[in-house]
Every structure is written in C-alpha cells, then in structure tokens.
1. List the pair-distance distribution P(r) of the chain, using every Cα-Cα distance, as the percent of pairs falling in each 10 Å bin from 0 up to the bin containing the longest distance, rounded to whole percents.
2. What are the residues whose amide H is under 5 Å from the amide H of residue 239, where those residues sit 5 or more places off or on another chain and H is modelled from the backbone?
3. Would you kindly state how much longer the chain becomes between residue 215 and residue 120 on full extension, computed as 0.36 nm times their sequence separation minus their alpha carbon distance, in nm to one decimal?
4. With a cut-off of 8 Å between alpha carbons and a minimum separation of six or more residues, what is the relative contact order of the chain in percent?
5. Using a 1.4 angstrom probe on heavy atoms only, work out the carbon and sulfur share of the accessible area of the chain in %.
6. Put a dot 7 Å past each Cα toward the Cβ at residue 237 and residue 139; how far apart are the dots in nm?
7. To the nearest µm²/s, what D does Stokes-Einstein give for segment 1-140 at 37 °C and 0.692 mPa s, using the Kirkwood radius over alpha carbon pairs as Rh?
8. Taking every pair of alpha-carbon atoms in segment 154-288, give the share separated by more than 22 Å as a whole percent.
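The values are calculated or read from the model by the stated rules, or taken from the named source; none is laboratory data. Being a predicted model, the structure only gives us computed values, none of them experimental. Positions of Cβ are backbone-derived with ideal geometry, glycine not excepted, and every protein chain shown enters the neighbour counts. What goes into the accessible areas is simple: the full protein's heavy atoms, side chains included, and nothing from ligands, DNA or RNA. Shrake-Rupley method; radii C 1.70, N 1.55, O 1.52, S 1.80 Å.
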Amino acid sequence: MIGLILKSIRTGALTEANPFGRHAAFGFPVMDFSRCTACGECVRACPTGAIHATQPSPGRGIVSLSYAACIQCRACVAACPEQAISVSPEIEVCAHSREQLSRSASFDVDPVTGMGTFRQIEPGAGPGLADAAATLKARIHGRLGRSLQVRQVDAGSCNGCELEIAATTNPVYDLERFGIHFVASPRHADALLVTGPVTRNMEIALRRTYEATPEPRVVVAVGACGCSGGIFGEGTYAAIGGVDRVLPVDVYIPGCPPRPQAILNGLLVAMGVREARAGGESAAPPPG
C-alpha cells in the first residue's frame, strides 16, 4: 500500500486538463478540390468507397468524400498524382447526419482526355449542423441536465472501437469528470453508444435495447462501421450496415477506430455541451 502511494506521488496527475487538440498522425484525409483533376485514382484506391466519382451528365463530373465510410488508411493520399489530398490534424469530428460528413465538388470534364477542371463546391444535402443541433437540443432540453448515462452496445464490432471507448475511462481522459457514466442496463441509460456494422444476428437485440431505453433516448454511432457499415458495407448476407439502418442516429463519430478524444467529444455533443464539427468543412476548401 505504501508503495502504491509513493508511486502515485512520484507519477503525479495523469489526467489531461484539456484532452482535445490537434493530432496530425490520426486525422482524416482532406481533399483540396481546386487541385483535383477528377482522374479517379483515389476512387480506385479507396477500399470502402469513401471517395466516389459520378458523371451525371456529359462533360460534368462530381467527386465526393465521405468521412462516414473513411477508415483513415491514407491509400487515397498515396494514390493522388496531383497531391490534392492531405491529412487533417483534426480528430474531434462528429455530425448529426451522414450527409454532414460528406463533401462534394463538380468538375468540367474534357471529353478527349477525361480530365476534370474544378467548377464549384456542391451544396450539402439535408439540414446543416446548426439546425440539426437545435433539433436535438429541443428534444433533450430539461431532460438530461449535466450528466449522461451511457449504455454501450456492440452490434458486430471488431472490438477496435471498444478499446478506444475503454480508454475514455482511464486516468488520462477520465470521462466521468464531464458527468458521463457507463451503466449496465439500458433502462438506466440516457444514450446508446453503438459500435460495429449491425449484424443480422444483433438486429433484434439492438432494437429491444433501444425500446428499453427511456425517452429522450439519444443514439450515438461510433466508428466507420457504425456510421456506414465500413469495410463490411451495407446489405450483405451477414450485416445490415450502419446503425441508422436500424435506429434513428443523433450523433455520428467517424473513424477506424475513432480516438478517445473524438468519442468523448461526440458524447459531449450528444449532451448538448459542445457543437458538432463535421470535419468535412475543411474537406472542400475554395480554390486559391
């Protein structure tokens, strides 16, 4: 016992006063569409279809990047011949819908060479971050207070996200200082923290867990698999796909896996304490 006390004195406080910040080694890809030529090399390199290109009409192409499906492998960074893709230092990325995690740009495509010239950033679909946040706050106003009771549900994860979720409880991040606590029963929970692509064997269990959670229940999808199905895709023989294919999702936390800071940030967004930052805001900078 004395040894433990002495070790604690020598070690000092481990908890980070501010766990949030910039971490260049773990960020998402950022696409500078103004330098992009729509050559499609990044599309072919992406293993999850997070980057895709379409031609809605002759001479016009659209390139999109979605953080919901991105596993941060950086294959797109290495494949881009124009070096139009870099890595963002931002990791506290979350949103209220899949659309908010996606950015698209349109291009004028040369019919001879097949290369594109940047035209404009395409407007995003669905409500913006501010409108979605206001809707969530109105639903939980006066109900959650300053604390959040969380029930974590593994709907088919590889357990990578579970390791990062467990790290949020360690002395470095210490999520309980923010009033966030994990509970054993959904009947005691305010929010469900769901990981993994929803496997067909877990669909009924996940629905029943949601139904057992009292209103106003908040659903947070964690990781690329929870946000979009990830590398497992959607609608396969074994998995349904992202959590929103089964439950209404209030907050999406992308990443493969998301870092503890990103998970903690997403939970604070679910509480209405912090504003969501989709990250994709910087994925489509204006030219220049």
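1. 7, 27, 32, 20, 10, 3, 1, 0
2. Those qualifying (amide H under 5 Å, at least 5 residues apart or on another chain) are 200.
3. Values: separation 95, 0.36 × 95 = 34.20 nm, distance 4.22 nm.
Difference between extended and current length: 30.0 nm.
4. Working: 643 pairs, mean separation 69.9, N = 288.
Reported as a whole number, the value is 24 percent.
5. Looking at the chain in its full context, I get 55 percent from C and S.
6. About 3.6 nm, to one decimal.
7. Estimated via Stokes-Einstein, D reaches 185 µm²/s.
8. Working: 3292 of 9045 pairs.
Taking all Cα-Cα pairs of segment 154-288, the fraction more than 22 Å apart is 36 percent.
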